[in-house]
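These notes are about the structure you will find just below.
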Amino acid sequence: MQTSIIGYPRIGAHRELKFASEKYFKGEVDINELTSVAKDLRNEHIKSQKEAGIDFITSNDFSLYDILLDTAVLCGIVPKRYKELGLSDTDTYFAMARGYQGEKGDVKALAMKKWFNTNYHYIVPEIEDETEVKLSGSKIFDEYDEAKANGFETKPVIIGAYTLLSLTRYTGSKKKEDYLDDIIAVYKEILAGLEKRGTKWIQIEEPSLVRDINAPEKDFLLKLYKGILSGKGSVKVLLQTYYGDVRDVYETLTGLDLDGIGLDFVEGKETLNLVNKFGFPKDKILFAGLINGKNIWKNDYAKTLDGLNLLKDKGINVVLSTSCSLLHVPYTLDGEEKLPEDKKKYFAFAKEKLVELKEIALLYENADYKNDAAFAANLKLFGSKRDCENKEVQNRLSEIKDEDYVRLPIRKEREKIQKDTLKLPKFPTTTIGSFPQTKDVKKNRSDFKKGLISEEEYKKFNREKIERAIRWQEEIGLDVLVHGEYERNDMVEYFGESLDGYLFTQNAWVQSYGTRYLKPPIIWGDISRKNPITVEWSVYAQSLTKKYVKGMLTGPVTIFNWSFPREDISIRESMTQIALAIRDEVLDLEKNGIKIIQIDEAALREKLPLRKSDWNSEYLDFAIPAFRLVHSGVKAETQIHTHMCYSEFTDIIPAIDNMDADVITFEASRSDLLILDALKENNFETEAGPGVYDIHSPRVPSVDEIVTALQKMRKKLDDDKLWVNPDCGLKTRGEEETKPSLINLVEAAKIIRNEA
Ligand code: GLN
Ligand code: ZN
């Protein structure tokens, strides 16, 4: 039994890529330094796979920022405005990813979107009518050659043409169909280039195939792959899918001239049924994704071996693989000293998953595997009860009534009451919550964690920061203030740390986008709130000013979605437990005089099933009520805000309105305000603050630019429902750009008030 992985994490076991990239962006190191760090990481990853005994080792799964952007660049998909900056290739690439503001010009970054149902975000490639799609780079060859020079034969990977063209934005009159021949030519050239090098296998990744695919799309897919595979040479082609099953195109794929097909048996609910129903061709290899690439729990060997035996009985040639790239799990459990051994034994991160793959492959070949020590240990683990239950939580859950999900009076009435009591100006200005996490802020937290400073010293520092933040927000004239979130490392981990039932890691970072990584906490058991979490900070901040300071919480859907979930209870149950805990916090904030409370649901869309038919029953039907459960207990005059990132929620607007918040702020500037039309069409009721500028980039928006955005917004939203705010929290920004940006934002709001 051979083994394969789809991709390996690329950020480095100690976040080397982040630190090197950030230094490069700041001009502290040159490109050679960054390139050399990248090269070391690639070698390290390949070595890890080799040492574990993986047969299909990957190359070109590394990326300086985003793998889809790499693929777009390789295909020549670079908008003119970036080329015209006249920067080096690498800097043009970074300009697309992060925007550019400097002596060569001022260009915004390309849009960024959530990558399928993960918390990874990709840069949206953009094709203009004049874009010439042609092979325009050599990354895939270079990284293959590099590994080869080190003595490793690898399986280079690339995002497939169908997924690339499907995720690309077309700014002109042309559509993806117009690029069929050109893109076929590029992929053929890639195959030819690899053939020249003697490459044995290429992995072409098509995650878009696990979505709903209609007949014309299927037709397009078929044309595309007939083209790419025509005249296929000696390089074997693995078409790899993940994040679900390929029910709409299973027979299309098995009918193609492919050498391997990669299917996801973990998230793909229908995968096994498809194989049972239609069979699997004898002349192809099935890369069976049986090891969960997204979660950190150990694999249940007995179950996996049963699965493998089932496939064997059908006479299918199988390579054991992961369900998706290991990009979504942290590097290794090595060095997680704070995780107790009796808990640690339940987990496998990327490096440990390599070991699992190999162990299972060996067990599979061992007729006497039931007497093998590795098997026995695994069987024992899954056979024993985990210490993770809390009866009190379970009782509380069983006592929830229907009315606990409904806030009264209805929103229209609340809106009137809140306008009367809060007396905010028209087009109120606010920010999303966090302020720049400068070095001193991070140091204060880490010194406290390490025990280098006392709790009193730690708090004193934060209080000073909060006071400074309140003063300058007052000074520049914002209407609804925030305390700045200096006490938080991350919007989920912070809450997780204060909840019972969570486990934490020291170094389990996972890439969210570019240089932004998260350290998702692990939901180990039933969740409950020990003590108030944020009340002290919010009350302190509010005591400093007559203006309103928003209480700032993370909602249950986001806390759940950005944690590693349990595999032994349902999402619904886990999410509802968290909702009850956050509900207690909301009520405590209200009791302590906080009048506006924001409950962030940045990741609301994250676990939305990829197929529309599953949206309600498998997600929205309990995720939206979980949010309502959190705030249904507050008084009419308490204003509930929520915030969401990435405006890709055009299609779930009624569900968002159904969260029954009073105000929602969301990302909008990166996607040209397209969402506004959808809000209007759906008669969106919640007051709304579509972000007026992009905070993912260091550029400072001009007053004019913000005024223009607001004018566009006024055409689609009622004046008395429109808020003025940035896209998202400002924690990743520097103070240098934050203050001038917000000064411009307040100025723009004033201009608009005069116009209205
Ligand atoms: N309140 C959080 C912040 O401002 C929201 C972050 C987010 O949406 N990702 O940082
Ligand atoms: Zn956000």
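Being within 16 Å of ligand 2 (Cβ to nearest atom) and not β-branched (Val, Ile, Thr) is the filter here; which residues of the range 589-624 pass it?
Hits for the range 589-624 are Gln598, Asp600, Glu601, Ala602, Ala603, Leu604, Arg605, Glu606.
Looking for whichever is touching a Phe, Trp or Tyr at 6+ places or on another chain (Cβ under 7 Å) and closer than 30 Å to Pro428 by Cα here; the options are Ile523, Ile533. Which one fits? It would help to see each step written out before you state the result.
Numbers: Ile523 fails: closer than 30 Å to Pro428 by Cα.
Every option except Ile533 fails the conditions.
Could you list all residues from the range 2-48 that are loosely packed, with under 15 Cβ neighbours inside 10 Å and of a type in the set (S, T, N, Q)? If the condition is that a residue be loosely packed, with under 15 Cβ neighbours inside 10 Å and of a type in the set (S, T, N, Q), then Asn32, Thr35, Ser36, Asn43 are the ones that fit. Reported count of residues in the range 315-334, each being surrounded by 14 or more Cβ atoms within 10 Å (Cβ to Cβ) and farther than 17 Å from Thr58 by Cα, is 6.
Residues in the range 102-160 that are more than 14 Å from Thr71 (Cα to Cα), in contact with a Lys or Arg (Cβ under 9 Å, 6 or more places away or on another chain) and of a type in the set (Asp, Glu): Asp106, Glu128, Asp129, Glu130, Asp145, Glu146, Glu153.
Sort through Lys449, Lys442, Lys465 and tell me the only one that's under 24 Å from Ser498 (Cα atoms) and more than 29 Å from the chain's Cα centre (by Cα). On inspection, the qualifying residue turns out to be Lys465.
The rows are residues; the columns are (1) within 26 Å of Thr118 (Cα to Cα); (2) surrounded by 17 or more Cβ atoms within 10 Å (Cβ to Cβ); (3) touching a Pro at 6+ places or on another chain (Cβ under 7 Å).
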position	(1), (2), (3)
Phe265	yes, yes, no
Asn273	yes, no, no
Gly279	no, no, no
Asp283	no, no, no
Leu286	yes, yes, no
Asn299	yes, yes, no
Lys303	yes, no, no
Leu308	no, yes, no
Leu311	no, yes, no
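Selection of first residues in the range 623-644 that are under 13 Å from Arg414 (Cβ atoms) and of second residues that are among the hydroxyl-bearing types (Ser, Thr, Tyr) and within 16 Å of ligand 1 (Cβ to nearest atom), restricted to Cβ pairs under 7 Å at least 6 apart or on distinct chains, gives the following pairs, ordered by first then second residue: His641/Thr665. Residues in the range 633-674 that are within 15 Å of ligand 2 (Cβ to nearest atom) and under 21 Å from Gln711 (Cβ atoms): Ser647, Val663, Ile664, Thr665, Phe666, Glu667, Ala668, Ser669, Arg670, Ser671.
For Val549, all conditions in the list (1) modelled with pLDDT of 95 or more; (2) surrounded by fewer than 19 Cβ atoms within 10 Å (Cβ to Cβ) hold save one; what is the number of the exception? The single condition Val549 does not satisfy is (2).
Residues that are surrounded by 12 or more Cβ atoms within 10 Å (Cβ to Cβ), farther than 21 Å from Val482 by Cβ and of a type in the set (D, E, K, R) within the range 440-464 comprise Lys443, Asp447, Lys449, Glu457, listed in sequence order. The set of residues in the range 227-270 being β-branched (Val, Ile, Thr) and in contact with a helix residue (DSSP H, G or I) (Cβ under 9 Å, 6 or more places away or on another chain) consists of Ile228, Val235, Val237, Thr241, Val246, Val249, Thr252, Thr254, Ile261. Is it the case that some residue within the range 697-709 is within 20 Å of the chain's Cα centre (by Cα), within 16 Å of ligand 1 (Cβ to nearest atom) and small (Gly, Ala, Ser)? Yes.
Condition check: outside any helix (DSSP H, G or I), closer than 30 Å to Glu735 by Cα and in contact with a Pro (Cβ under 9 Å, 6 or more places away or on another chain). Does Ile453 satisfy that?
Answer is no for this residue.
Checking the stated criteria, Glu585 turns out not to satisfy the condition of being under 23 Å from Cys728 (Cα atoms), at pLDDT 95 or above, within 16 Å of ligand 2 (Cβ to nearest atom) and in contact with a helix residue (DSSP H, G or I) (Cβ under 8 Å, 6 or more places away or on another chain). Here Glu51 meets the list (1) over 24 Å from Glu667 (Cβ atoms); (2) among the charged types (D, E, K, R); (3) surrounded by 16 or more Cβ atoms within 10 Å (Cβ to Cβ) almost entirely, failing just condition (3).
Inspect the range 665-673 for any residue being under 25 Å from Lys416 (Cβ atoms), away from ligand 1 (no atom under 15 Å from the Cβ) and touching a Gly at 6+ places or on another chain (Cβ under 9 Å) and give the result as yes or no. No, the range 665-673 has no match at all. Can you confirm whether Arg445 is more than 16 Å from ligand 2 (Cβ to nearest atom), touching a Phe, Trp or Tyr at 6+ places or on another chain (Cβ under 8 Å), of a type in the set (Lys, Arg) and at pLDDT below 95? Against the criterion (more than 16 Å from ligand 2 (Cβ to nearest atom), touching a Phe, Trp or Tyr at 6+ places or on another chain (Cβ under 8 Å), of a type in the set (Lys, Arg) and at pLDDT below 95), Arg445 does not qualify. Checking the stated criteria, Lys460 turns out not to satisfy the condition of being out of contact with any strand residue (DSSP E or B) (no Cβ under 8 Å at 6 or more places or on another chain) and closer than 24 Å to Arg15 by Cβ. Restricted to the range 727-741, and to residues there that are under 20 Å from Ala111 (Cβ atoms) and among the polar types (S, T, N, Q), the residue that is farthest from ligand 2 (Cβ to nearest atom) is Ser741. For the range 519-536, taking the residues that are surrounded by 20 or more Cβ atoms within 10 Å (Cβ to Cβ) and closer than 30 Å to Ile67 by Cβ, the one that is nearest to ligand 1 (Cβ to nearest atom) is identified as Pro520.
For the residues Leu239, Leu194, the requirement of being more than 26 Å from Val78 (Cβ to Cβ), outside any loop (DSSP other than H, G, I, E, B) and touching a strand residue (DSSP E or B) at 6+ places or on another chain (Cβ under 9 Å) singles out Leu239. Selection of the range 427-467 for residues being in contact (Cβ under 8 Å) with a residue 24 or more places away in the chain and over 27 Å from Pro698 (Cβ atoms) yields only Arg463.
Just so you know, in the range 469-487 the residues that are in contact (Cβ under 8 Å) with a residue 60 or more places away in the chain and part of a loop (DSSP other than H, G, I, E, B) include one that is farthest from Ala603 (Cα to Cα), and it is Gly477. Could you say which residue among Asp66, Asp91, Asp129 is surrounded by 23 or more Cβ atoms within 10 Å (Cβ to Cβ) and among the acidic types (Asp, Glu)? Going through Asp66, Asp91, Asp129 in turn, the sole match is Asp66. Within the range 499-543, the residues that satisfy the criterion of being out of contact with any Gly (no Cβ under 6 Å at 6 or more places or on another chain), part of a strand (DSSP E or B) and hydroxyl-bearing (Ser, Thr, Tyr) are Ser512, Tyr513, Tyr517, Ser528. The set of residues in the range 5-24 that are among the hydroxyl-bearing types (Ser, Thr, Tyr) and touching a residue at least 12 places away in the same chain (Cβ under 8 Å) comprises Tyr8, Ser21.
Scan the range 25-60 for residues that are without any contact (Cβ under 8 Å) to a residue 12 or more places away in the chain and on the phi > 0 side of the Ramachandran plot and the total you get is 1.
The values are calculated or read from the model by the stated rules, or taken from the named source; none is laboratory data. Just so it is clear, the model here is predicted, and its values are computed rather than measured. With ideal geometry, Cβ positions are generated from the backbone for all residues, glycine too; neighbour counts draw on all protein chains shown.
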